[in-house]
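These notes concern the structure reproduced below.
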Amino acid sequence: LAKLIEQNSRKAGYQILIGCSDDDPETEKKVAEALISRRIDALFVASGMPSANEYYLKLQNSGTPVIALDRPMDDEHFCCVISEDFDAAFELTESVLSPEIKTIGLIGALQ
């Protein structure tokens, strides 16, 4: 997703700056503030913060558009781009339900 955003943004004349928070709310705030200090035009965020709506609404109200990626935020205030690949999830589930597979593990985000 990041690669496609970067490639298409570059074609449109924009430079993408990327920061990672590892789903740590304090790190996420620091990364967001560092990006805003560079006078970004908009902030795309896949937030791991429980109170993301409040924090990012303040940023948006101060003039920085915030777009939620792959983790929904209040759609009354934010544009959200959510991937919903039902077919791929179904195919993956079918493949792990074969009789040869005895143990299944999952690593995922908090939400």
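Just a few scattered comments:
- Checking the stated criteria, L57 turns out not to satisfy the condition of being at pLDDT below 80, surrounded by 10 or more Cβ atoms within 10 Å (Cβ to Cβ) and either under 18 Å from the mean Cα position of the chain (by Cα) or not β-branched (V, I, T) (or both).
- Tallying residues that are over 19 Å from I5 (Cβ atoms) and in a helix (DSSP H, G or I) within the stretch 22-51 yields 7.
- Candidate set: the stretch 76-103, residues that are touching an Asp or Glu at 6+ places or on another chain (Cβ under 8 Å) and among the hydrophobic types (A, V, I, L, M, F, W, C); chosen: the one nearest to T64 (Cα to Cα): V81
- If the condition is being in a loop (DSSP other than H, G, I, E, B), surrounded by fewer than 10 Cβ atoms within 10 Å (Cβ to Cβ) and not aliphatic (A, V, I, L, M), then the stretch 87-111 contributes S98, P99, E100, K102, T103, G105, G108.
- Any hit, the stretch 32-44, residues being polar (S, T, N, Q) and either over 24 Å from Q15 (Cα atoms) or in contact with a helix residue (DSSP H, G or I) (Cβ under 9 Å, 6 or more places away or on another chain) (or both): no
- The single condition from (1) part of a loop (DSSP other than H, G, I, E, B); (2) among the charged types (D, E, K, R); (3) farther than 18 Å from L1 by Cβ that E84 fails is (3).
- Some residue of the stretch 27-49 being in contact (Cβ under 8 Å) with a residue 40 or more places away in the chain, on the phi > 0 side of the Ramachandran plot and of a type outside the set (A, V, I, L, M, F, W, C): no
- Unique match (being modelled with pLDDT under 90 and farther than 22 Å from E84 by Cα) among S21, S37, S51: S51
- Annotation for the stretch 65-79: at least one member residue is exposed (fewer than 10 other Cβ atoms within 10 Å of the Cβ), more than 14 Å from the chain's Cα centre (by Cα) and of a type outside the set (S, T, N, Q).
- The set of residues in the stretch 45-67 being in contact with a strand residue (DSSP E or B) (Cβ under 9 Å, 6 or more places away or on another chain) and within 19 Å of K30 (Cβ to Cβ) consists of V45, A46, S47, A52, Y56, L57, L59, Q60, T64, V66.
The values are calculated or read from the model by the stated rules, or taken from the named source; none is laboratory data. Predicted, not measured: the structure shown is a model, and the values here were computed from it. Heads up, the Cβs are rebuilt from the backbone with ideal geometry, glycines too, and the neighbour counts pull from every protein chain shown.
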